[in-house]
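Here's the structure, in structure tokens; my notes come after.
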Amino acid sequence: MLEVRGFSAGYQGNNVVHDVSFRVDKGEAVMIIGSNGAGKTTLFRAMCGLLASSAGEVLFKGDDIAGRPAQRLVRLGLGFVPAERHLFPRMTVQEHLTLGAYPKRPERETMSTVLDLFPRLAERRKQHAGTMSGGEQQMLAVGRALMAKPQLLVLDEPTTGLAPKLAHEAYEALDVLRRDGLTVLVAEQQVPLAMAFSDRGYVLENGLIRLEGTSEELAENPEVRQAYLGVT
Amino acid sequence: MTAVILDGMVLGLQFGLLATGLTLVYGLGGVLNLAYGQMAVISAMVVLFAMDAGIPVLPAVGIGLVAGGLIGLFLDLTIMRPIYRAQGEARVLLSLLLTLGVAFIVDGFLNWRYPLKALNLFIGGGAVEILGVPMRRGSLWASGITLVTFAILFAFFRFTNLGRAVRSVIEDEEGAKLVGIDPRRMLRLILVLSGVLAALVAITRSMVIPVDVQAGFSITVFALIVAVVGGLGSVPGALLAGIILGIINTIAATYIGTFLSLVILLVAAAVTILIRPSGLLGVKG
């Protein structure tokens, strides 16, 4: 589904991520974990066309999409939910979901799938995004991305700013999506949640991939346990 | 007093329409188009020349509106390219300089070639009484056209997919990209729309007073004041600020004197900005 090879990106000529390679197979859930400032956000933003990359390939369904702008990737089936969510503050829930399917009209079926997944959104169809709580905004950001019927959903720290209970719920929703066959790539600082969710993972440190393995392998790795799971 | 309020509202609707084309382009692209008034004047001249060539009024007005849109498209394909490549503050400054340059060139050319031309679409007939106040037919037509235009604009932004896409770019450009909207195409669309609105401003205005080749800068200045008070980027803000400032202007002109009305408008604008830096219904703040 997605294969990233020798990928480098950053700001104004200073690379933040260096020569990163990883892959996500169809139907998998893959996590990229790392501390604050490890380069997760830069990696995802560059991969998803919001930031220029300086080297490497991003193969999505076999095509190299490196350097293509974000607005073209959506139509290819790559949905991205950034950490800052980028909702439209003075537009309603309904309008967000409708725009999610842009330029097509939203399909009734997709709309009801999303509203079943997030009943809170159904209750708040007329509410403006700017007046909603962090948890609701996160649901809306994911819901908006789902309206385009992506084959791969990329999420950057979906639990940012969420209380533990809501963070848990966010991953429960992602679990439902996975069971329905969606491929998911997630970057996360809240490692235990991501670990329980994903099949495989990569550890990003200072812009480099340091470790990789199945979630079980990573969970038993002493370095990972010490740095990310709070086990000494 | 009723007469003053009604006159103020007529003027206010015109102010609102004036500011809309300017405020949209700013809200969407962070670009202040100081050649806005010149877009209006060129369109007025196109209507005038079409009529001089024997084309009846209505088709001539249609040609003028198309011309306004084409000027917008032309600006988008030329000076907007380097402007949109710049980001943030640099973009605003570059837009000010380049559009001001265009404004001077257009003004210079029109003043040199056609110094005495003016578009005049007065609508004759006796006055019509509204709430006991006699109103000129031209004013009523201009207000009616403006109201219909606003109704169309609101419906476009509320109920059409394209309109919602334009709003999403104003709200969050990155978010718009994430749902597959190309902000650059929305900018082009809005600059064309802005040109059509500028033409409409000139046409409705000429139903009340002649629009001459020197009118460009005063149109831009009024549009700027109203847009800033309403909140740059907000169409409802432009309408609201237009009506408020229109009434203030008329009251000032009636009870204090026309010579001070512009000063009073500027004071009203300054006070609004001091109290609410993002304007009445501002987007960014």
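The values are calculated or read from the model by the stated rules, or taken from the named source; none is laboratory data. On a predicted model such as this, the values are computed, not experimentally measured, just so you know. No Cβ is skipped: glycine too gets one built from the backbone with ideal geometry, and neighbour counts run over all protein chains shown.
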Test: B:Val31 is among the β-branched types (Val, Ile, Thr) and within 14 Å of the chain's Cα centre (by Cα): no
Where A:Lys126 falls short, out of the listed (1) loosely packed, with under 15 Cβ neighbours inside 10 Å; (2) at pLDDT 95 or above; (3) more than 14 Å from chain B (Cβ to nearest Cβ): (3)
Flag if A:Phe44 is assigned to a helix (DSSP H, G or I), of a type in the set (Phe, Trp, Tyr), in contact with a strand residue (DSSP E or B) (Cβ under 8 Å, 6 or more places away or on another chain) and crowded, with 22+ Cβ neighbours inside 10 Å: yes
Residue match in the range B:27-35 (condition: in a helix (DSSP H, G or I) and of a type in the set (A, V, I, L, M, F, W, C)): yes
Considering residues of the range B:132-144 that are part of a helix (DSSP H, G or I) and farther than 29 Å from B:Gly29 by Cβ only, the residue farthest from the chain's Cα centre (by Cα): B:Arg137
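Pick from B:Gly237, B:Gly242, B:Gly246, B:Gly233: which is in contact (Cβ under 8 Å) with a residue 40 or more places away in the chain, in contact with a helix residue (DSSP H, G or I) (Cβ under 6 Å, 6 or more places away or on another chain), farther than 24 Å from B:Thr99 by Cβ and among the small types (Gly, Ala, Ser)?
None of the others qualify; the one that does is B:Gly246.
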Wholly enclosed helices (runs of 4 or more DSSP H) of the range A:47-130 bearing at least 3 residues over 17 Å from the mean Cα position of the chain (by Cα) and polar (S, T, N, Q): A:108-117
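Conditions tested, residue by residue: (1) free of Cβ contacts under 8 Å to residues at least 12 places away in the same chain; (2) aromatic (Phe, Trp, Tyr); (3) closer than 20 Å to B:Val10 by Cα.
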| position | (1), (2), (3) |
| --- | --- |
| B:Thr146 | no, no, yes |
| B:Ala155 | yes, no, no |
| B:Leu162 | no, no, no |
| B:Asp172 | yes, no, no |
| B:Ala176 | yes, no, no |
| B:Arg188 | no, no, no |
| B:Ser194 | no, no, no |
| B:Arg205 | no, no, yes |
| B:Val208 | no, no, yes |
Selection within the range A:23-40 - of a type outside the set (A, V, I, L, M) and farther than 17 Å from A:Ala196 by Cα: A:Arg23, A:Asp25, A:Lys26, A:Ser35, A:Asn36, A:Gly37, A:Gly39, A:Lys40
Residue count for the range B:82-131, restricted to those that are within 21 Å of the chain's Cα centre (by Cα), among the charged types (D, E, K, R) and exposed (fewer than 14 other Cβ atoms within 10 Å of the Cβ): 0
Residue in the range A:179-198 that is touching a residue at least 24 places away in the same chain (Cβ under 8 Å), surrounded by fewer than 19 Cβ atoms within 10 Å (Cβ to Cβ) and assigned to a helix (DSSP H, G or I) present: yes
Scan of the range A:204-232 for residues that are of a type in the set (A, V, I, L, M) and out of contact with any Gly (no Cβ under 6 Å at 6 or more places or on another chain), ordered by number: A:Leu208, A:Ile209, A:Leu211, A:Ala219, A:Val224, A:Ala227, A:Leu229, A:Val231
Residue list for the range B:156-186, filter: surrounded by 22 or more Cβ atoms within 10 Å (Cβ to Cβ) and more than 7 Å from every other protein chain (Cβ to nearest Cβ): B:Val166, B:Val169, B:Ile170, B:Ala176
The range A:83-97: number of residues that are facing another protein chain (nearest Cβ under 7 Å) and closer than 16 Å to A:Ala148 by Cβ: 4
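If you go through the range A:64-77 one residue at a time, do you hit one that is in contact with a Cys (Cβ under 8 Å, 6 or more places away or on another chain) and either facing another protein chain (nearest Cβ under 10 Å) or in contact (Cβ under 8 Å) with a residue 12 or more places away in the chain (or both)? Spell out how you get there, then give the answer.
If we filter the range A:64-77 for residues that are in contact with a Cys (Cβ under 8 Å, 6 or more places away or on another chain), which is where we start, we get A:70, A:73.
With the extra rule that they be either facing another protein chain (nearest Cβ under 10 Å) or in contact (Cβ under 8 Å) with a residue 12 or more places away in the chain (or both), the set shrinks to A:70, A:73.
Yes, some residue in the range A:64-77 is in contact with a Cys (Cβ under 8 Å, 6 or more places away or on another chain) and either facing another protein chain (nearest Cβ under 10 Å) or in contact (Cβ under 8 Å) with a residue 12 or more places away in the chain (or both).
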For A:Thr113: the one exception among (1) crowded, with 16+ Cβ neighbours inside 10 Å; (2) within 14 Å of chain B (Cβ to nearest Cβ): (2)
